[in-house]
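**Student:** The structure under discussion is supplied below as structure tokens; questions concerning it will follow.
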Ligand code: GLU
């Protein structure tokens, strides 16, 4: 019997490629957030300090990840994600890009605060050229809390980053068993573990370390993107600000951004990106003075339609399509590294 088993093992090892036995190499790039947070005691699910636990402790707290892949950690940042500026974002994108180019790296997991997780994921989706899986993951409860969600999120994120089926899917966000496309995922609630959603649905789910796929994104990303972190110099992007729409708006909110040097302003308008009649003259004046106006919406679902609420062709404005204001800010900033032409910028909004 033992002999027969040995013969079978030898026969199998002759017919299967070596890669069938080798584990993929996954790098966990830690940036801070709640997933690296710590509270005073186990009942503190909302009162805690983010960005405390170093990457090696995060990985060691989930030893099961080593069964999925050869996992090593890199501490890129240790901050709460609301404090991320262009400087940290560009720096992180360069680190991820360098890792993705290494032949011995098969997948990358980025642990991140949930507050601006969607921005980082979208930015990497636009500027890192690779087909290797890049998975951004966070948690809503610190590791010290009862029913902490970080350990399983990290385990599933490593499984996804190590999966052959996750190649070429664009940068993904893994939260609460769901796999989302970076471009349309957003944080929708600030207290529950099912905090992330996309109006177009999830790409798939990870169950017991296996990804199950249901959709794919039809938009441009990674290898198919015209933006590339390697051709962006310095540690700032063209300045783009956001003004939140409501009743009783002030022209000064837009003018202050122009004074601060903004090259574009995202109008996070009401409804279909609508603009109050008494604000229109300010926005047309800004456009004439070279500040690109982009109409987005404060409504979390739907898409802003060109020339519907406002004559965008006449004014030279751009609509953000289905991108939320914070993602519109990043795409506009990247667009402005290439062009000032409103038609070109509009094309980019439709393609990404
Ligand atoms: N505000 C912190 C951050 O975004 C903690 C929130 C979280 O990670 O859930 O990093």
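The values are calculated or read from the model by the stated rules, or taken from the named source; none is laboratory data. As the structure is a computational prediction, the values presented were derived from the model and not from experiment. Here Cβ is always computed from backbone atoms with ideal geometry, including for glycine, and neighbour counts include all displayed protein chains.
**Student:** Of the numbered conditions (1) in contact (Cβ under 8 Å) with a residue 12 or more places away in the chain; (2) more than 16 Å from residue 346 (Cβ to Cβ); (3) part of a loop (DSSP other than H, G, I, E, B), residue 284 satisfies every one except a single condition; which is it?
**Tutor:** (3)
**Student:** Check whether at least one residue in segment 295-313 is part of a loop (DSSP other than H, G, I, E, B) and surrounded by 21 or more Cβ atoms within 10 Å (Cβ to Cβ), and report yes or no.
**Tutor:** Within segment 295-313 (the criterion being part of a loop (DSSP other than H, G, I, E, B) and surrounded by 21 or more Cβ atoms within 10 Å (Cβ to Cβ)), the answer is yes, since at least one residue qualifies.
**Student:** Still on this structure: If you take the residues of segment 249-280 that are over 23 Å from residue 338 (Cα atoms) and without any contact (Cβ under 8 Å) to a residue 24 or more places away in the chain, which of them is surrounded by the fewest Cβ atoms within 10 Å (Cβ to Cβ)?
**Tutor:** 277
**Student:** If you don't mind, another one. For segment 164-196, which residues satisfy the criterion of being in a strand (DSSP E or B) and surrounded by 24 or more Cβ atoms within 10 Å (Cβ to Cβ)?
**Tutor:** Of segment 164-196, the ones in a strand (DSSP E or B) are 172-175, 178-181, 185-187, 196.
Within segment 164-196, 172, 173, 174, 175, 179, 180, 181, 185 meet the criteria.
**Student:** Identify, from the list 88, 67, 82, the residue that is part of a helix (DSSP H, G or I) and within 11 Å of the ligand (Cβ to nearest atom).
**Tutor:** 82
**Student:** So, in segment 109-127, of the ones that are crowded, with 20+ Cβ neighbours inside 10 Å and more than 17 Å from residue 334 (Cβ to Cβ), which residue ends up farthest from the ligand (Cβ to nearest atom)?
**Tutor:** By that ranking, first place goes to 109.
**Student:** Search segment 299-310 for residues that are touching a residue at least 40 places away in the same chain (Cβ under 8 Å) and pair each with any residue that is surrounded by fewer than 16 Cβ atoms within 10 Å (Cβ to Cβ) and outside any loop (DSSP other than H, G, I, E, B) when their beta-carbon atoms are under 9 Å apart and the residues are at least 6 apart or on different chains.
**Tutor:** That search, which allows pairs on different chains as well, returns 306/313.
**Student:** How about segment 217-233: which of its residues are assigned to a loop (DSSP other than H, G, I, E, B), under 21 Å from residue 120 (Cβ atoms) and free of Cβ contacts under 8 Å to residues at least 60 places away in the same chain? Full working, then the answer.
**Tutor:** Here is the first cut: in segment 217-233, the ones assigned to a loop (DSSP other than H, G, I, E, B) are 217-221, 225-228, 232-233.
Adding the requirement that they be under 21 Å from residue 120 (Cβ atoms) leaves 217, 219-221, 225-228, 232-233.
Passing the criteria: 217, 233.
**Student:** Okay, next question. Somewhere in segment 146-157, is a residue free of Cβ contacts under 8 Å to residues at least 40 places away in the same chain, closer than 25 Å to residue 99 by Cα and assigned to a loop (DSSP other than H, G, I, E, B)?
**Tutor:** no
**Student:** A follow-up question, please. Which pairs turn up if I take residues in segment 182-209 that are under 16 Å from residue 138 (Cα atoms) and look for partners that are modelled with pLDDT under 95 and within 16 Å of the ligand (Cβ to nearest atom) with beta carbon separation below 8 Å, at least 6 apart in sequence or on another chain?
**Tutor:** Partner pairs satisfying both residue conditions: 191/46.
Condition check ((1) on the phi < 0 side of the Ramachandran plot; (2) in contact with a strand residue (DSSP E or B) (Cβ under 7 Å, 6 or more places away or on another chain)) across all residues:
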position	(1), (2)
177	no, yes
182	yes, yes
190	yes, no
207	yes, no
212	yes, yes
222	no, no
225	yes, no
232	yes, no
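**Student:** Can you find a residue that is in a helix (DSSP H, G or I), more than 10 Å from the ligand (Cβ to nearest atom) and farther than 17 Å from residue 60 by Cβ anywhere in segment 128-144?
**Tutor:** Within segment 128-144, none of the residues are in a helix (DSSP H, G or I), more than 10 Å from the ligand (Cβ to nearest atom) and farther than 17 Å from residue 60 by Cβ.
**Student:** Hey, another quick one. Is it true that residue 201 is part of a loop (DSSP other than H, G, I, E, B) and surrounded by 21 or more Cβ atoms within 10 Å (Cβ to Cβ)?
**Tutor:** On the way: part of a loop (DSSP other than H, G, I, E, B): yes; surrounded by 21 or more Cβ atoms within 10 Å (Cβ to Cβ): no.
It is false that residue 201 is part of a loop (DSSP other than H, G, I, E, B) and surrounded by 21 or more Cβ atoms within 10 Å (Cβ to Cβ).
**Student:** Any idea how many residues of segment 128-144 are closer than 20 Å to residue 36 by Cβ and crowded, with 22+ Cβ neighbours inside 10 Å?
**Tutor:** Matching residues across segment 128-144 total 10.
**Student:** Still on this structure: Could you please find all residues in segment 145-161 being away from the ligand (no atom under 12 Å from the Cβ) and either crowded, with 24+ Cβ neighbours inside 10 Å or at pLDDT below 95 (or both)?
**Tutor:** 154, 156, 157, 158, 159, 160, 161
**Student:** Is there a residue in segment 91-108 that is at pLDDT 95 or above, under 18 Å from the mean Cα position of the chain (by Cα) and within 16 Å of the ligand (Cβ to nearest atom)?
**Tutor:** Yes; the residues of segment 91-108 include at least one that is at pLDDT 95 or above, under 18 Å from the mean Cα position of the chain (by Cα) and within 16 Å of the ligand (Cβ to nearest atom).
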